[in-house]
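In what follows, a structure is listed as structure tokens, so that the remarks can point back to it.
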Amino acid sequence: KRTGKKIAVVGSGPAGLACAAQLNQAGHNVTVFERDEKIGGIMRFGIPDFKLEKNILDRRIEVWRREGIEFKTGISPDKKALAGFSAVVLAGGSKVPRDLPVPGRELRGVHFAMEYLTQSNRRVAGVEVPADKLIDAQGKKVVVIGGGDTGSDCVGTAVRQGADCVVQIELMPKPGETRLANQPWPTYPMLLKTTSSHEEGGERQWSVLTKKFISRESSSQRVTGLQCVRVDEKLKEIPGTEFEIPADLVLLAMGFVGAEKPGLLTELGVEYDQRGNVKTDENYMTSVKNVFAAGDMRRGQSLIVWAISEGRRAARAVDLFLMGGSNLPAI
């Protein structure tokens, strides 16, 4: 039974889709807005096909479409476009990447990881990329800065593209392979994580600080290497440990610092928490009435399972707000 309530979900990543699916089940009319050309967010354009084949995503989206969810792609709605909805859920993710402002950052061949991964995913899907915009690892010495999941995805993608070699460096010390005494269950342990991408090839180094990007090609201004130094457990430089890593392609995978504020968030006037994420109350509502937030946009960069949980919780909060009660499951 339809309630007659119209809800807009802005962003079609895991949080947005999970939220939309639940709100649709509750009987609301849900419209999902996505600024990219296809639905899926980071699941489509961030995660490589060797980890998530897109036909699985397409199959589920088609189920939701038949169930009544309306999907609008290539649209970044403004405040005026959202005025006719009973509630709005912001699920645009945490997309501002952490930069590395060291000398040589402007050199050609130094890219944010998501620039590389999203382009690669589009290429796998058959999208033509102009030669002057192409970011390809074939035959190149690749250095990935950052030891998390995004960095791992860059390693696996570079290996598949035929990189000459891949080195992944991380500022923090190498984690142990067993749980430490000061990290008892259920504390989340800092353990060494080896993914399938790492098993496929490449070298990993820890406690490495990048001091400078260098270029031996003054005419092209292309990166040819990194000047690095070893650091101790307190991230202090260790004298006499300076070294260079050759590189034709450098990918910055050092996490994200928050949501993109220019545009809809600024127009709506939502408040932010101390970390720069969209601030909400315990019911997922922002400082603007009828406007909710979920996923990485609200809690910061995290895992897809967290985004799904966030989306489902936000859906129940929206349902309670609009209807005074909810049959949606409390997670």
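The values are calculated or read from the model by the stated rules, or taken from the named source; none is laboratory data. No experiment lies behind these values; they were computed from the predicted model shown. Positions of Cβ are backbone-derived with ideal geometry, glycine not excepted, and every protein chain shown enters the neighbour counts. These area figures cover heavy atoms from the full protein model, side chains too; ligands, DNA and RNA do not enter into them. Shrake-Rupley method; radii C 1.70, N 1.55, O 1.52, S 1.80 Å.
Estimated from the Cβ-Cβ distance and a Förster radius of 41 angstrom, the FRET efficiency linking N283 and V96 is about 0.95.
Does segment 19-87 come out rounded, prolate or oblate, given a ≥ b ≥ c as the square roots of the eigenvalues of its C-alpha gyration tensor, rounded meaning a/c under 1.5 and, failing that, prolate meaning a/b above b/c? Oblate, since a/c reaches 1.5 and b/c is not below a/b.
By the helix-only formula, in which each DSSP H run with n ≥ 4 contributes -39500 (n - 2.57) and the sum is divided by residues, the chain has a 222 nm mean residue ellipticity of -7500 deg cm²/dmol.
Protein heavy-atom surface of the chain, 1.4 angstrom probe: 51% of the accessible area is carbon and sulfur, with nucleic acids and ligands not counted.
Averaged over residues, the count of other Cβ atoms within 10 Å places the peptides 66-78, 278-290, 28-40 in the sequence 28-40, 278-290, 66-78, highest first. Only protein heavy atoms count here; under a 1.4 Å probe, R313 has an accessible surface of about 90 Å².
With the highest mean first, a sort of the peptides 229-239, 255-265 on other beta-carbon atoms found within 10 angstrom per residue produces 255-265, 229-239. When the chain is treated as a GNM, springs tying every alpha-carbon pair under 10 Å, which of M297, M254, M172 comes out with the largest mean-square fluctuation? In the Gaussian network model the winner is M172. Peptide packing for 175-183, 314-322, 98-106, 155-163 was compared via the average number of neighbouring C-beta atoms within 10 Å per residue; ordered from the highest value, the list is 314-322, 155-163, 98-106, 175-183. Taking 0.36 nm per residue of sequence separation and removing the Cα-Cα distance, the E115/D232 pair yields an extension gain of 39.0 nm.
One chain, two ends: R179 and I56. Fully extended at 0.36 nm per residue, the span grows by 40.8 nm beyond their Cα-Cα distance. In terms of distances greater than 30 angstrom between alpha carbons, the cross-link table entries K1/K279; K1/K261; K95/K133; K133/K212; K54/K140 yield K1/K279; K1/K261. Note on segment 238-263 and segment 270-331: Cα centroid distance 31 Å, given to the nearest whole angstrom. Between M190 and E203, the contour length at 0.36 nm per residue exceeds the Cα-Cα span by 2.7 nm. Is the shape of segment 86-183 best called rounded, prolate or oblate, per the rule: a/c under 1.5 gives rounded, else a/b larger than b/c gives prolate, else oblate, with a ≥ b ≥ c the square roots of the Cα gyration tensor eigenvalues? Oblate, because a/c is 1.5 or more while a/b does not exceed b/c.
Ordered from largest to smallest accessible area (heavy atoms of protein chains, 1.4 Å probe), the residues E217, E53 come out as E53, E217.
With Cα atoms as the point set, the radius of gyration and Dmax of the chain evaluate to 21.8, 71 Å. Taking amide H positions as modeled 1.01 Å from N, with prolines and chain starts lacking one, no residue 5 or more places away or on another chain lies under 5 Å from A26. Summarising the amide proton neighbourhood of A163: residues at separation of 5 or more, or on other chains, whose placed amide H is nearer than 5 Å comprise G139. Looking at the chain, the DSSP beta bridges with both ends there are about 30 percent antiparallel.
Using C-alpha pairs under 8 Å with a sequence gap of at least 6, the mean separation divided by the residue count of segment 204-248 gives a relative contact order of 35 percent.
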